[in-house]
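Peer 1: Encoded as structure tokens, here's the structure I'll be asking about.
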Amino acid sequence: MEPIVLAPNADVIRERKHNRGKFGYIGFNVDSLRKEFIKTTPHLRIGLWIDNSIEQPHETVDYIMAKFRY
């Protein structure tokens with residue numbers, strides 16, 4: 001199976017982080033962390049990369065399921 005990468009934009013990551021109330025990015029800047037992830041992850045674009053910035057979770061799941069139906 002191919003990897004699936006959810007890659008929302010930095011503004012959305014910050015908003016989701018704020019609404020989540022968790023502290024997973026202590027010592028990290030969301031913008032630089034996202035840029036570094038995009039830069040250092042193999043850009044052969046192996047797998048399915050999804051910008052799920054404007055999707056609800058069920059919409060992302062529906063999209064993934066549709067991509068893997070034969």
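Peer 1: Above 19 Å lies some portion of the pair distances; for the chain, what is it as a whole percent of all C-alpha pairs?
Peer 2: 42
Peer 1: If you don't mind, there's one more thing I want to ask. Please list, by residue number, everything in segment 50-70 whose backbone N is under 14 Å from a paramagnetic label point 7 Å out along Cα→Cβ of Val5.
Peer 2: So the set is 50-52.
Peer 1: Under 5 Å between amide hydrogens, which residues at least 5 positions from Ala7 or on another chain qualify, with H placed 1.01 Å from N in the peptide plane?
Peer 2: Ile50, Asp51, Asn52
Peer 1: Determine the per residue accessible area of the chain with all protein chains present and a 1.4 angstrom probe, expressed in square angstrom.
Peer 2: Using a 1.4 Å probe on heavy atoms only, each residue of the chain averages 82 Å².
The values are calculated or read from the model by the stated rules, or taken from the named source; none is laboratory data. Predicted, not measured: the structure shown is a model, and the values here were computed from it. Ideal geometry is used to build each Cβ from the backbone, glycine not excepted, and the neighbour counts take in all protein chains shown. Quick note on the areas: whole protein, heavy atoms, side chains included, nothing else; ligands and nucleic acids left out. Shrake-Rupley method; radii C 1.70, N 1.55, O 1.52, S 1.80 Å.
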